[in-house]
Each structure stands twice: as C-alpha cells, then as structure tokens.
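Enquirer: One structure coming up, written as structure tokens, with questions to follow.
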Amino acid sequence: MSKGTSVPYFDHNATTPLSPCAREAWLRAAGESWQNPSSPYRDAARVRVRIEDAREEFARLLGCRTEQVVFNSGATEGANAVFAHWAGALPPGRKIAVNPTEHPCVIEAARHFLGPGRLVWLEVDPDGVVRLPALEALLAGGTVAAVSVMAANNETGVLQPWREVAALCRSQRVAYHCDASQWLGKLPASELGQAGWLTASAHKFGGPKGTGVLIWPAQAEGFRSQRGGEQEHGRRAGTEDYPAVAAMLAALSEAESRPVQPAAGRPCWRDDFVGQIRSAMPDVRVVGAGAERLWNTVSLIMPHGENHRWVAKLDKRGFQVSTGSACAAGREGPSHVLAAMGIAPEEARRAIRISAGRETTQDDWRALADALVAVKAEMRSLP
Ligand code: PLP
C-alpha cells in the first residue's frame, strides 16, 4: 500500500502527497525563518541569505545561472508570466507556435495574451509528439518568434523532444518555453535549465502546493512577472514564501538523489501493469503507446462505459484514478490533448489516467489491475 495515503493513490499527475523530507524542511523553516526577508534586521537578513542559498542550489540542480531562477506560485503563474512578457516584448508581426497538447495554463495564457492572429499550432503525430521536421520548416520560414512545447504530458505521460526543440529554437534565435511540470522530479533535471524559459510546480514532485519555479533566459532583458516590490531581484514582486521554497528544494533534492528507475533490463511496474491489463482486456487501448512516456503514467481507453463511471467504481474499491487533467476535469467535453492526437470524442470519453508516485509499490499496481478487471465485469453486467 502506498505510504502516506490511506488508499492506493494513482493520481500523482494531479498532485502528490507532501514528501516527509519536504514537510520536515517546511516545519523547520516556518519555525526558524518566518521573518519577512525584506525587513531591516539580522534575523530577516538570515532568511534572505537562505533564499539566495536555495536559489543557488536550484540553479545547480537545473543547470542554469543562479540569477535566472525565480521562485513563484507555480506553473500556471509561470506560463501566464511568459506569455504576458512575449506579448509585449516580441515583434508584433511574428507568430508564437504552441504545441496543441499543452496544459490549459499554457493554451489559455497563449490565447489570452496573444489572440488568435499571433498563434500557430504545431503539428503532432498520432502519439502526440511534436513533429520536428515540421517545426524546423516552420522556423526556417522566419515568421515565428517563440515556441512553447512541454517536457512531458500530464494526461498521457508522452515525452516531447524538448532538447531538440530547444536546440532548433536556439539555432534560429527563437525564444523557447518548456512547461516542465510533469518532468521535474520524475526524470533528471540537470539539462532543463538550458532549455530557455522553464516553468514548474512543486506539488507535482512532493513539494507544497502554490509554490514553483520559473527560469528565464539570460537574454530576456526587462522581464518582470509581477510588479510591486523588488523581491526576486525585481523579477517577481510579493513577499517570498521561504518555508515553501525550502520544502520544494528538499523534495527536488530527494527526487534527484534517489531517482525512480526500473532496474536495468526489466520493464517498469507500469509496463507489467499494462501487460496484465492487455492480457485480461485485449480491447483496452494504451494512449501514446508508440512514444516514450513517463515511468509513472498510463492513459487507457476502456472498452466501454464513460470514464467518470470507471473512476467512481474504482474509487468505491479504494483506488483513486482520474479522467484526465485535474484542471480540465470540471469542463465539459473530451480532452483537447486526446483530440489533438486524432482520438475521436466517443473514445476520449472512455479515457482514464493512471499516475503513480515514488511511494507506489508493485503490489499497488497489481491490485489496481485486478480492480480494473473486476470493474469491467461489473460494468458489462449493467444495462
Ligand atoms: N502544466 C502541467 C503539465 C500540469 O500538469 C499542471 C498541473 O496540472 C500545470 C501546468 C499547472 O500547475 P499548477 O496548477 O500547480 O499551476
């Protein structure tokens, strides 16, 4: 059974439980370092120094310069800040190209700050992977000033070739934003800081909710994500939340020092699970099966029945899974991610997302497979 949760929790792409090391770091920082870092006495100065130490450590983990690291409230704030900046700073006649499988915080920020006239959607293949030759041809045309492609998809776990996208953008002097929310803490962080603009949230990897990090590229002169005081070296106004930063750093340091990787030469537990499901239910479809995916995520199109019924029945059996992105869950209609992959709405309505965490055991995966098989039999017997 997953530690720290009362039931097997398979919705880590929505959020993760606070990791014990993050909780400890938060409590210590909240007890010892609660002063406002901008205040004019020594205790406050000590908090200021701790924030700068944390910034330096983030820069080391991500592979960028310390001054490029901005602590904020997370990926949604980050994406809004990047697109607001691009709207004002990039030449108005040039377009911004966005991957259509991005999280709503990127898609809606792009729509809001740029408007339809400045937006172009990138081509993706049936697994939802951005087509690099099409991107290369688009950039060679010289009409695009910036590109946004995530590192890993929250609904399907599909990995994007973000290093190649970053290199293409660099070679064409085009700005690049990478939403690394689902990559950070699950796969190595060390090259992310070189991507360009980078945004992420701590609660996706065992840190607290409402805190995150933004990396801005050194050449982005004049970038300010919020106006007010001079916090975050003038890049993001607002009193810093040092305990949250300390907790986020503890969670990321742990994830980096103890990566969850399958043992050499054997598939990961997620793949064992998929094998179990496929032999019991050959008519289940794995979304993005042809692409490299996060080790923790699988999106399944069930053979029949709407996804919310599967989710409710699994919940009754003690398993928490999702119909897709938590942020989109309140919205009507099938997922825009699956639609961009060419999946028909009637199939997309049968999609469930399963996402494990660092604490998920092999027994949890096996028990979930058994529960899915039992729910399938139950669903078939219903009118
Ligand atoms: N980007 C991705 C890929 C996500 O999965 C999420 C959260 O679901 C976000 C951005 C937004 O994160 P937050 O709600 O913490 O701002």
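The values are calculated or read from the model by the stated rules, or taken from the named source; none is laboratory data. Keep in mind the model is a prediction, meaning the values are calculated, not measured. Quick reminder, even Gly has a Cβ in these numbers, built from the backbone with ideal geometry, and neighbours come from all protein chains shown. These area figures cover heavy atoms from the full protein model, side chains too; ligands, DNA and RNA do not enter into them. Shrake-Rupley method; radii C 1.70, N 1.55, O 1.52, S 1.80 Å.
Enquirer: In degrees between 0 and 90, to the nearest 10, how far off the longest principal axis of the chain does helix 104-114 point, with axes built from Cα atoms?
Expert: 50 degrees
Enquirer: Further question: How large is the dipole of the chain about the Cα centre if only Lys and Arg carry +1 and Asp and Glu carry -1, each at its Cβ, rounded to the nearest 20 debye?
Expert: Computed charge dipole of the chain: roughly 200 debye.
Enquirer: Next question. Which of the listed residues, Leu184, Ala84, Pro217, is farthest toward the dipole's positive end in the chain, when Lys, Arg count +1 and Asp, Glu count -1 at the beta-carbon?
Expert: Ala84
Enquirer: Can you show me the helix-derived [θ] at 222 nm for the chain, built from DSSP H runs with n ≥ 4 at -39,500 (n - 2.57) apiece and divided by the number of residues, rounded to the nearest 500.
Expert: On the way: 12 runs with 145 residues, N = 383.
Only helices count here, giving -12000 deg cm²/dmol.
Enquirer: Can you give me the relative contact order of the stretch 1-132 as a percent, contacts being Cα pairs under 8 Å and 6 or more apart?
Expert: Relative contact order of the stretch 1-132: 13 percent.
Enquirer: To continue, here is another question. To the nearest 20 debye, what charge dipole does the stretch 1-142 have about its Cα centre, counting +1 at the Cβ of each Lys and Arg and -1 at the Cβ of each Asp and Glu?
Expert: In total the dipole reaches around 360 debye.
Enquirer: Could you check how much of the accessible area of the chain is carbon and sulfur, as a whole percent, using a 1.4 Å probe?
Expert: Percent of accessible area from carbon and sulfur atoms in the chain: 52.
Enquirer: Tell me which lysines have Cα within less than 20 Å of Lys313's Cα, excluding those fewer than 8 residues away on the same chain?
Expert: Lys376
Enquirer: Just check the chain against the gyration tensor rule for me: Cα atoms, a ≥ b ≥ c as the square roots of the eigenvalues, rounded for a/c under 1.5, and otherwise prolate or oblate depending on whether a/b exceeds b/c.
Expert: Oblate is the answer for the chain, as a/c is 1.5 or above yet b/c matches or exceeds a/b.
Enquirer: Moving on. Please give the helix 75-89 orientation as an angle from the longest Cα principal axis of the chain, in degrees from 0 to 90, rounded to the nearest 10.
Expert: 50 degrees
Enquirer: May I pose another question? Can you pull the accessible area of Asp53 for me, 1.4 Å probe, Å² to the nearest 10?
Expert: So the heavy atoms of Asp53 present about 90 Å² to solvent.
Enquirer: Relative contact order for the stretch 37-109: what is it in percent, counting Cα pairs under 8 Å that are at least 6 residues apart? All intermediate terms of the calculation are to be shown ahead of the outcome.
Expert: Details: 36 pairs, mean separation 14.6, N = 73.
Dividing the mean separation by the residue count of the stretch 37-109 yields 20 percent.
Enquirer: Mind checking the angle between helix 362-380 and the chain's longest principal axis? C-alpha axes, 0 to 90 degrees, to the nearest 10.
Expert: 50 degrees
Enquirer: Related question: Where the only charges are on Cβ atoms (+1 Lys, Arg; -1 Asp, Glu), what is the dipole of the stretch 142-267 about its Cα centre, to the nearest 20 debye?
Expert: Around 180 debye, computed over the stretch 142-267.
Enquirer: For the chain, calculate the relative contact order in percent as a whole number, restricting contacts to Cα pairs under 8 Å that are 6 or more residues apart.
Expert: 24 percent
Enquirer: Whose amide H sits under 5 Å from the amide H of Thr211, counting only residues 5 or more places off or on another chain, with H placed in the peptide plane?
Expert: Here the answer is Ala202, His203, since their amide H atoms fall under 5 Å of that of Thr211.
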